[in-house]
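Note sheet for the following structure.
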Ligand code: AP5
């Protein structure tokens, strides 16, 4: 089983690159951002509670996203593997994920960490904001807050997986195809 974490700051290209990894390796894509946006669209209680955090670029509470991932894992018992995109985002989420996967004896294979310059992240998200309708892409101050939250609360997860010898840094600058080739080569080396 191949369990990959696609990691990186907002706008690093996690969602974009997940599509290539799904095609190449037949994995199931679990994006907590996508799941939360679906909850908001369908106006569930969970979605409405999450919206206030997302609109400001803050993290949704750990217990909410951990429960979502737990349900998705349980719903896909025959999966060949998963791509975790946007999860884990705190060390507590990483510990919870390890515990869930340990129960199934299918640990994380590796964490692929997309490295992109800050100005490029801002440019990509503002550009997408013209058409995406995403409230958190519209405003530079919210995008800056998302990046700060990433640096403060999410980036420390790298050390957590480095300690397990599972962290791989990937140059996330360049064309989508160039980056996809780097990721494919990295997965091949696991
Ligand atoms: P989430 O949906 O996960 O968003 P994010 O990580 O902030 O950022 P993106 O998904 O926008 O970036 P990405 O790296 O996937 O890049 P993408 O491929 O889309 O989270 C949103 C919110 O939900 C969070 O702020 C939080 O509130 C909440 N949340 C989610 N998960 C949570 C969790 N685990 N815990 C707590 N809260 C959680 O690309 C971005 C743009 O760049 C696209 O337009 C794309 O076309 C373009 N692009 C991609 N690659 C390139 C390239 N190589 N060159 C030029 N453009 C490119």
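The values are calculated or read from the model by the stated rules, or taken from the named source; none is laboratory data. If you're wondering where the values come from, they're calculated on a predicted model, not measured in any experiment. Every residue, glycine among them, receives a Cβ derived from its backbone with ideal geometry; neighbour counts consider all protein chains shown.
Here are the numbers for this structure:
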| quantity | calculated |
| --- | --- |
| Candidates 24, 76, 3, filtered to the one that is at pLDDT below 95 and either within 18 Å of residue 187 (Cβ to Cβ) or buried (at least 20 other Cβ atoms within 10 Å of the Cβ) (or both) | 24 |
| So residue 120, is it away from the ligand (no atom under 12 Å from the Cβ) and modelled with pLDDT of 95 or more | no |
| Of all residues making up the stretch 47-70, the number that are under 20 Å from residue 143 (Cα atoms), more than 8 Å from the ligand (Cβ to nearest atom) and out of contact with any helix residue (DSSP H, G or I) (no Cβ under 8 Å at 6 or more places or on another chain) | 1 |
| Among (1) more than 10 Å from the ligand (Cβ to nearest atom); (2) within 23 Å of residue 138 (Cα to Cα); (3) not in a loop (DSSP other than H, G, I, E, B) - the single one residue 33 does not satisfy | (1) |
| Enumeration of residues in the stretch 71-92 that are assigned to a loop (DSSP other than H, G, I, E, B), within 18 Å of residue 22 (Cα to Cα) and within 14 Å of the ligand (Cβ to nearest atom) | 86, 87 |
| Any hit, the stretch 181-188, residues being part of a loop (DSSP other than H, G, I, E, B) and either at pLDDT below 95 or buried (at least 19 other Cβ atoms within 10 Å of the Cβ) (or both) | no |
| Residue match in the stretch 95-104 (condition: farther than 20 Å from residue 179 by Cα, more than 13 Å from the ligand (Cβ to nearest atom) and not in a helix (DSSP H, G or I)) | no |
| Extreme residue, farthest from the ligand (Cβ to nearest atom), among residues of the stretch 149-180 that are closer than 17 Å to residue 121 by Cα and part of a loop (DSSP other than H, G, I, E, B) | 155 |
